Amino acid sequence: MERTAQDAQHWNNIAAEWIAWARAPNHDAFWAYRDAFRAFVGPGATRTLDVGCGEGRVSRELKSLGYQVTACDAVPAMLAAAQEAGSADEYVQAPVTQLPFADAAFERVVAYNMLMDVEDVPAALKEIRRVMRRGGELVVSVVHPFSDRGRFEGDGAEPPFVVRGGYFGRERFEGTEERDGLTMHFAGWSLPLETYATALADAGFAITAIREPQPSPAPEFARMGRWARVPLFLWLKARALD
């Protein structure tokens, strides 16, 4: 997961928390959306960069789909965990704004839930575009900008979702979650959809697909049922232009 300044220090500090949190089976939201994300990406065999790979779970999914995967992260402990798990074909430590790859090195780049943790999203997307071939595909997942600005209030199957502040603008978020004996300290940035779309266009991308996925209805993900009413994630595909 790519970070700069205070974000880099935060993710260095909580790397062990995240590795435990992410690797607990069916523990966080990733698992309830995993099959849908695999279908959204689809199988392939191209050289693919998983930028901000964290402990490597998305790299492992990409590799199982057939891709030749390079896992890249700025946090040494994250990259080490990814490598120990055999997550990819290649491992590179670097921030997303300074990728040590040649121009047009990749046909596909996946940025899964890491742009929310980047201080300079336009610079990150321009660097991602630099290392992509013309016509290549960028796959992005972010926490949905709308869900980021509100909260479910109350328990039960259908509590109201309330937005008390504004939607527009850039906001810092920090929070702690505890579940099943694990604790995770989150921190990053909340941006409206237009900010992402503008940054993609300015970097030389054209959005080709948008998805607001719903969680799996499987019984083990029953606690995620409320997110069938409000989208938790936003998924995008974007084509690299001239």
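The values are calculated or read from the model by the stated rules, or taken from the named source; none is laboratory data. Note that the structure is predicted; figures quoted are calculated from it, not measured. Heads up, the Cβs are rebuilt from the backbone with ideal geometry, glycines too, and the neighbour counts pull from every protein chain shown.
Miscellaneous remarks
Conditions tested, residue by residue: (1) closer than 24 Å to Ala238 by Cα; (2) outside any strand (DSSP E or B); (3) in contact with a helix residue (DSSP H, G or I) (Cβ under 7 Å, 6 or more places away or on another chain); (4) not charged (D, E, K, R).
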position: Glu17; (1), (2), (3), (4): no, yes, no, no
position: Arg38; (1), (2), (3), (4): yes, yes, yes, no
position: Ala45; (1), (2), (3), (4): yes, yes, no, yes
position: Cys53; (1), (2), (3), (4): yes, yes, yes, yes
position: Val58; (1), (2), (3), (4): yes, yes, no, yes
position: Gly66; (1), (2), (3), (4): yes, yes, no, yes
position: Val69; (1), (2), (3), (4): yes, no, yes, yes
position: Met78; (1), (2), (3), (4): no, yes, yes, yes
position: Thr97; (1), (2), (3), (4): yes, yes, yes, yes
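Condition check ((1) more than 21 Å from Pro213 (Cβ to Cβ); (2) of a type in the set (A, V, I, L, M); (3) buried (at least 17 other Cβ atoms within 10 Å of the Cβ)) across all residues:
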position: Leu99; (1), (2), (3): yes, yes, yes
position: Ser141; (1), (2), (3): no, no, yes
position: Phe146; (1), (2), (3): no, no, yes
position: Gly154; (1), (2), (3): yes, no, no
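- The one condition from (1) at pLDDT 95 or above; (2) over 28 Å from Pro122 (Cβ atoms); (3) outside any loop (DSSP other than H, G, I, E, B) that Glu177 does not meet is (1).
- The single residue among Ala157, Ala201 that is at pLDDT 90 or above and either in a loop (DSSP other than H, G, I, E, B) or of a type outside the set (S, T, N, Q) (or both) turns out to be Ala201.
- Near pairs, Cβ below 9 angstrom, 6+ apart or cross-chain, from region 68-86 (closer than 21 Å to Arg47 by Cα and in contact (Cβ under 8 Å) with a residue 24 or more places away in the chain) to any residue that is part of a helix (DSSP H, G or I) and of a type in the set (Asp, Glu): none
- Sole exception among (1) within 23 Å of Leu241 (Cα to Cα); (2) out of contact with any helix residue (DSSP H, G or I) (no Cβ under 6 Å at 6 or more places or on another chain); (3) among the charged types (D, E, K, R) for Glu127, by number: (2)
Rundown of residues vs (1) modelled with pLDDT of 95 or more; (2) charged (D, E, K, R), yes/no style:
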| position | (1), (2) |
| --- | --- |
| Ser64 | yes, no |
| Ala81 | yes, no |
| Ser87 | yes, no |
| Val92 | yes, no |
| Asp103 | yes, yes |
| Ala111 | yes, no |
| Val118 | no, no |
| Gly135 | yes, no |
| Val140 | yes, no |
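Let's see how each residue does on (1) basic (Lys, Arg); (2) over 17 Å from the mean Cα position of the chain (by Cα); (3) at pLDDT 95 or above; (4) within 25 Å of Pro213 (Cβ to Cβ):
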{"residue": "Asp50", "(1), (2), (3), (4)": "no, no, yes, yes"}
{"residue": "Arg57", "(1), (2), (3), (4)": "yes, no, yes, yes"}
{"residue": "Glu61", "(1), (2), (3), (4)": "no, no, yes, yes"}
{"residue": "Gln68", "(1), (2), (3), (4)": "no, yes, yes, no"}
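- Looking at Ser216, Ser190, Ser141, Ser147, just one residue is in contact with a strand residue (DSSP E or B) (Cβ under 9 Å, 6 or more places away or on another chain), in contact (Cβ under 8 Å) with a residue 40 or more places away in the chain and closer than 21 Å to Ala39 by Cα, and that residue is Ser141.
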